[in-house]
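Here is the structure we will look at, set down as structure tokens.
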Amino acid sequence: QVQLVESGGGLVQPGGSLRLSCAASGSFFSISAMDWYRQAPGKPRELVATISNEGSIIYGSSVKGRFTISRDNVKNTVTLQMNSLKPEDTAVYYCKAAVRRIIGGSLYDLWGQGTQVTVSS
């Protein structure tokens, strides 16, 4: 069974930094895009950043210039470095990966369990 495990959330003061990590484990053939989403209470889930397996990156407008996404295709991990954090960044952050289980198989979306990030003084 393939799963994504996130780590690195917590409480930080405004202006501070946090680093989130997400690792894929289990049996699969390949991973295509890896993404970070977030969901604040009472709000829809939104895309924070996405990175393709070739390294193409797209950021959400609210985090551009403050957050950096990166991935390690050997270790099957994706990382989100979050700097200059604001209270409005408070949310549960989710990792998502487009996984191909077998050669020639279809891609399917796999989600992590989420990790809480709270930005508060």
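The values are calculated or read from the model by the stated rules, or taken from the named source; none is laboratory data. All figures in this text were calculated on a predicted structure; none of them were measured in a lab. Glycine also receives a Cβ, built like all others from the backbone with ideal geometry; neighbour counts cover every protein chain displayed. All accessible areas refer to the heavy atoms of the entire protein, side chains included, with ligands and DNA or RNA removed. Shrake-Rupley method; radii C 1.70, N 1.55, O 1.52, S 1.80 Å.
In the stretch 109-121, the residues that are open to solvent by less than 40 Å² (accessible area, probe 1.4 Å) reach residues that are outside any strand (DSSP E or B) and acidic (Asp, Glu) with C-beta atoms within less than 8 angstrom, at least six apart or across chains, in these pairs: Val117/Asp89; Val119/Glu88; Val119/Asp89.
Filter the stretch 80-108 down to residues that are crowded, with 20+ Cβ neighbours inside 10 Å and not basic (Lys, Arg), then give me how many there are.
Qualifying residue count for the region: 10.
On the given criteria, is Glu6 over 15 Å from Thr118 (Cα atoms), among the acidic types (Asp, Glu) and surrounded by 14 or more Cβ atoms within 10 Å (Cβ to Cβ)? Answer is yes for this residue.
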